[in-house]
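Report on the following structure.
The values are calculated or read from the model by the stated rules, or taken from the named source; none is laboratory data. These numbers were taken from a predicted model, which means no experiment stands behind them. So basically every Cβ, Gly included, is an ideal-geometry build from the backbone, and we count neighbours across all protein chains shown. Just the protein is used for accessible areas: all its heavy atoms, side chains included, with ligands, DNA and RNA removed. Shrake-Rupley method; radii C 1.70, N 1.55, O 1.52, S 1.80 Å.
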Amino acid sequence: MGDAHLEPMEANIKDYVALATAANGQIRALAVVNTDIVDEVRHRHQMWPVATAALGRTMAATAMLGAMQKGKEKVTVQIIGDGPLEQIIADADGEGNLRGYVQNPHVDVPNAEQSKLNVKKAIGAGHLWVIRDLGLGEPYRGGVPLVSGEIAEDFANYFARSEQTPSAVALGVLVGVDYRVRASGGLILQLLPDASEGIAIMLEHMVKDLPPISKLIDSGSTPEEIIEQAIGELQPKYLHRLPLRFTCSCSRKRCESALIALGVAELEALIKEQGEAELTCRFCQEQYRFTKEELEALRAQIHRDQPTQ
């Protein structure tokens, strides 16, 4: 292993991103295990296997993008396709917070060859968007058409076309017969501006020879061990280890703001027709209930806040 100076981690956290450079700074390498977080999301949404595989891959890539940010800088990934999943959303930041959801968690499509989950068919044709919020006002948004729908190739295409960074991306999720997530994670290898042509060719061959990421994780490999298996002979130097946690930023206050944003007429219709409101967070499935009295108080607040003519 290369020179590792890693922060101590909390006990039993297996989900984290490792960040390294290799070949004397010509390559950036990131690897992630996010098995437990994806299984938690699967459980919260009662997701079916193909949705779990698509979301797990997307969240793995998003976690690695998040690890390239500083602190609260946030990155959001949005995959919109014409397949039955419709939309996948994941976001992460430089502090290790990670969450995600798929529009239609209960999707079933026929398996691809060798009984593989057919993520490509479930996503269909569409676009991959990456939105980076650096806290400087308007977020930066870049996107590319999906080239395969398998997600890893789509991220490699995004890096090449939108960020002009040649990259190899491998993502994998293994779902058990009981629908639980046995393994989820990924690897990103990027050529940095001073990389030689020889390193680029060598990297291509190394990635081709790598076993499936999900198999490596299922057999117990850590992010560092994934990097070692991929590019160990290029002497990776480990810079950072970022523990991940499933975190949702939803709150009752945000739900109140959403109800106020509906306006007086819609709130009055809610009070009259249903006598209450229930909002469910799309990310974590937390439910927020508002009684008739609480809705009336929000309506009164709108009237108070409106400037008098």
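Results, tabulated for the structure shown:
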{"quantity": "Kirkwood Rh, angstrom, the chain [1 / mean 1/r, Cα pairs]", "calculated": "20.8 Å"}
{"quantity": "Nearest-10 value in Å² for the accessible area of CYS281, using the 1.4 Å probe", "calculated": "20 Å²"}
{"quantity": "Cα lying deepest toward the dipole's positive end in the range 137-230, options PHE159, ILE201, GLY185, charges on Cβ", "calculated": "GLY185"}
{"quantity": "Value at 222 nm in deg cm²/dmol, rounded to 500, when DSSP H runs of n ≥ 4 in the chain each add -39,500 (n - 2.57)", "calculated": "-10500 deg cm²/dmol"}
{"quantity": "Dipole of the range 208-281 [Lys/Arg +1, Asp/Glu -1 at C-beta], most positive-end residue of LEU259, PRO243, SER219", "calculated": "PRO243"}
{"quantity": "Between the range 157-171 and the range 104-123, the alpha-carbon center distance in angstrom", "calculated": "24 Å"}
{"quantity": "Net charge dipole size for the chain [Lys, Arg +1 and Asp, Glu -1 on Cβ; Debye, nearest 20]", "calculated": "240 debye"}
{"quantity": "Per-selection metrics, the range 145-272 (Cα): Rg and Dmax in Å", "calculated": "21.6, 71"}
{"quantity": "Sites GLU278 and SER219 - FRET efficiency at Förster radius 41 Å, r taken between beta-carbons, to 0.05", "calculated": "0.40"}
{"quantity": "Alpha-carbon centroid distance for the pair the range 39-59 / the range 252-309, whole angstrom", "calculated": "31 Å"}
{"quantity": "Carbon plus sulfur fraction of accessible area for the chain, probe 1.4 Å, in percent", "calculated": "49 percent"}
{"quantity": "Label-point separation, GLN46 to GLN285 (7 Å along Cα→Cβ), nm", "calculated": "0.7 nm"}
{"quantity": "Cα centroid separation, the range 11-35 to the range 213-241 (Å)", "calculated": "7 Å"}
{"quantity": "Extension gain (nm, one decimal) between LEU136 and ALA112, 0.36 nm per residue minus Cα-Cα", "calculated": "4.3 nm"}
{"quantity": "Estimated distance in nm for a label pair at GLU204 and GLN87, the labels positioned 7 Å out from Cα along Cα-to-Cβ", "calculated": "3.8 nm"}
{"quantity": "For the range 35-138, convex hull of alpha carbons as volume per residue, Å³", "calculated": "99 Å³"}
{"quantity": "Those Cys residues of the chain for which no other cysteine Cβ falls under 4.7 Å", "calculated": "CYS255"}
{"quantity": "Per residue accessible area of the chain, 1.4 Å probe, in Å²", "calculated": "51 Å²"}
{"quantity": "Calculated FRET efficiency for the pair ARG161/THR247, C-beta based, R₀ 30 Å, to 0.05", "calculated": "0.45"}
{"quantity": "Accessible area, probe 1.4 Å, largest first, for residues HIS106, HIS127", "calculated": "HIS106, HIS127"}
